[in-house]
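J.: Questions regarding the structure given below will be posed in turn.
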Amino acid sequence: MADLPSEVRAFVAEQRDGSVDRGLRQLPAGELGEGDVVVRIACSSVNYKDALATIPKGQVARISPLVPGVDLAGTVVEGEGEGSEVLVHGYDLGVAHHGGYAEYARVPREWVVPLPSGLTARQAMAIGTAGFTAAMSVARLERHGVSPDDGPVLVTGATGGVGSTAVAILAGRGYEVVASSGKDAREYLESLGAAEIVGREDIAGDGKPLDRQRWAAAVDSVGGAVLAGVLPQIRYGGAVAASGLTAGVKLETTVMPLILRSVALLGIDSVAAPMEERAELWRRLADDLRPPQLDETITREIGLDELEPALDAILKGELTGRTVVRVAD
Ligand SMILES: NC(=O)c1ccc[n+]([C@@H]2O[C@H](COP(=O)([O-])OP(=O)(O)OC[C@H]3O[C@@H](n4cnc5c(N)ncnc54)[C@H](OP(=O)(O)O)[C@@H]3O)[C@@H](O)[C@H]2O)c1
């Protein structure tokens, strides 16, 4: 316990009679939760789910009070691998177990991923849960057989965390990326490598079970009516990697693209991704899946005391790219 103070600075969300109190507090170190590894946190990040964990109807927080933050990177100060740099994301972190918005976290050692060589803690959190999900989506599409020669790949919610990282990863791998966004963000998306920008309404579809075959594949983190519009536009044998719900959880569609065009709907879950796949994807994120613009275009940085407006903004779909939360110097 050499390095662990008796209290740690933390951003805490606490449910109270239908509302949620959010803010910075001193949390007794003894209340960090179960686990055999203590990490001194360097960085966390802002994900859509983190914002859901701090609102009354978010249906994400399973304990109260909760330190949100579904990902973190830092140095092990107690337990296996003491002194090494690590990252943690998914499982119960920031949901049913205190997460990354604190100076320290105590976690089960089974959750811990060694920081891959070639990534700093800040870069790992610039990628974070959203970027990992983007990488997982690209890897799954490629495992399905999608390659740059197949034609344009659509990315929905393209200015968001998953979306912007997916645009950058795909463009870096030689894909012709078409970015769909509800924002006026041409310059930003082109700087990530998008070949073409389309509005949300351009991909809405006409409601028919089969539409014009436009995309070899799609990375969708939006769900709802957007995903329903995209599926009928996928070319024969193509696939959609679906990870999100910012446009809603309901998917009103038909089986026609699946049974007449062999289109595959690939579900992407980063939370319980098996450790072998998790570690391999992080290794690749430092290498061939590394988003080229990670340090500049994709990322901005805030402190724990700037979290509230960032969480509110991501809920409204107003954040662009990835937001790193700098916890320690
Ligand atoms: N399955 C998993 O393991 C996993 C992991 C990470 C994230 N996710 C999910 O993926 C989604 C994105 O997460 P994120 O952290 O990237 O959030 P984000 O940064 O807020 O990105 C979401 C983007 O979706 C678009 N959008 C927002 N509201 C919309 C609406 N009503 N209709 C259509 N598009 C809308 C916006 O992009 P434009 O303005 O550019 O259109 C927004 O930037 C969330 O649902 C999150 O829970 C899932």
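J.: Suppose we keep only residues that are within 16 Å of the ligand (Cβ to nearest atom) and assigned to a loop (DSSP other than H, G, I, E, B) within region 138-173. Which one would you say is nearest to Ala242 (Cα to Cα)?
T.: Thr156
J.: With within 16 Å of the ligand (Cβ to nearest atom) and within 23 Å of Asp184 (Cβ to Cβ) as the only criterion, which of Glu296, Glu277, Glu318 stands out?
T.: Glu318
J.: State whether one or more residues within region 242-256 are more than 14 Å from the ligand (Cβ to nearest atom) and crowded, with 16+ Cβ neighbours inside 10 Å. Break it down stepwise before answering.
T.: In the first step, residues of region 242-256 are kept if they are more than 14 Å from the ligand (Cβ to nearest atom); the result is 252-256.
Checking the rest, the ones that are also crowded, with 16+ Cβ neighbours inside 10 Å come to 253.
Yes, there is a match, as at least one residue in region 242-256 is more than 14 Å from the ligand (Cβ to nearest atom) and crowded, with 16+ Cβ neighbours inside 10 Å.
J.: When you scan region 304-329, how many residues do you find that are touching a Gly at 6+ places or on another chain (Cβ under 9 Å), in a helix (DSSP H, G or I) and charged (D, E, K, R)?
T.: Summing the residues that are touching a Gly at 6+ places or on another chain (Cβ under 9 Å), in a helix (DSSP H, G or I) and charged (D, E, K, R) in region 304-329 gives 1.
J.: Taking the options Gly237, Gly207, name whichever one is small (Gly, Ala, Ser), away from the ligand (no atom under 16 Å from the Cβ) and open to solvent by 70 Å² or more (accessible area, probe 1.4 Å). First the steps, then the outcome.
T.: Numbers: Gly237 fails: open to solvent by 70 Å² or more (accessible area, probe 1.4 Å).
One residue alone meets the criteria, Gly207.
J.: Moving to a separate point now. What residue, among those in region 99-137 that are among the polar types (S, T, N, Q) and within 16 Å of the ligand (Cβ to nearest atom), is farthest from the chain's Cα centre (by Cα)? Quick ask: steps written out before the conclusion?
T.: To start, the set of residues in region 99-137 that are among the polar types (S, T, N, Q) comprises 117, 120, 123, 129, 133, 137.
Right, trim to within 16 Å of the ligand (Cβ to nearest atom) and you get 129, 133, 137.
Working: Thr129: 4, Thr133: 5, Ser137: 11 Å.
By that ranking, first place goes to Ser137.
J.: On the basis of being surrounded by fewer than 24 Cβ atoms within 10 Å (Cβ to Cβ), in contact (Cβ under 8 Å) with a residue 24 or more places away in the chain, in contact with a Lys or Arg (Cβ under 7 Å, 6 or more places away or on another chain) and among the β-branched types (Val, Ile, Thr), does Val86 make the cut? Show your work before the answer.
T.: Details: surrounded by fewer than 24 Cβ atoms within 10 Å (Cβ to Cβ): yes; in contact (Cβ under 8 Å) with a residue 24 or more places away in the chain: yes; in contact with a Lys or Arg (Cβ under 7 Å, 6 or more places away or on another chain): no; among the β-branched types (Val, Ile, Thr): yes.
So Val86 does not fit the description; no.
J.: Hey, another quick one. Looking at this structure, is Ala179 out of contact with any helix residue (DSSP H, G or I) (no Cβ under 7 Å at 6 or more places or on another chain) and either modelled with pLDDT of 95 or more or assigned to a loop (DSSP other than H, G, I, E, B) (or both)? Outline the logic, then answer.
T.: Details: out of contact with any helix residue (DSSP H, G or I) (no Cβ under 7 Å at 6 or more places or on another chain): no; either modelled with pLDDT of 95 or more or assigned to a loop (DSSP other than H, G, I, E, B) (or both): yes.
No: the conditions fail for Ala179.
J.: Across region 12-30, what is the number of residues that are in contact (Cβ under 8 Å) with a residue 60 or more places away in the chain and either under 19 Å from Leu87 (Cβ atoms) or among the charged types (D, E, K, R) (or both)?
T.: Count: 1.
J.: Restricting attention to region 280-325, which residues are of a type in the set (Gly, Ala, Ser) and surrounded by 15 or more Cβ atoms within 10 Å (Cβ to Cβ)? Please lay out each step first, then the result.
T.: First, the residues of region 280-325 that are of a type in the set (Gly, Ala, Ser): 286, 303, 310, 313, 317, 321.
Result: Ala286, Ala310, Ala313, Gly317, Gly321.
J.: Could I ask something else about it? Of all residues in region 137-165, count the ones that are in contact with a strand residue (DSSP E or B) (Cβ under 8 Å, 6 or more places away or on another chain) and either at negative phi or among the charged types (D, E, K, R) (or both).
T.: Keep residues of region 137-165 that are in contact with a strand residue (DSSP E or B) (Cβ under 8 Å, 6 or more places away or on another chain), which gives 137-138, 140-141, 144-146, 150-159, 161-165.
Okay, now just the ones that are also either at negative phi or among the charged types (D, E, K, R) (or both), so 137-138, 140-141, 144, 146, 150, 152-156, 158-159, 161-165.
Residues meeting the conditions: 19.
The values are calculated or read from the model by the stated rules, or taken from the named source; none is laboratory data. For clarity, every value in this text was computed on a predicted model and none was experimentally measured. Reconstructed Cβ throughout: ideal geometry from the backbone, glycine too, with neighbour counts over all protein chains shown. The protein model used for the area step is the full one, side chains on, heavy atoms only, and it has no ligands, DNA or RNA in it. Shrake-Rupley method; radii C 1.70, N 1.55, O 1.52, S 1.80 Å.
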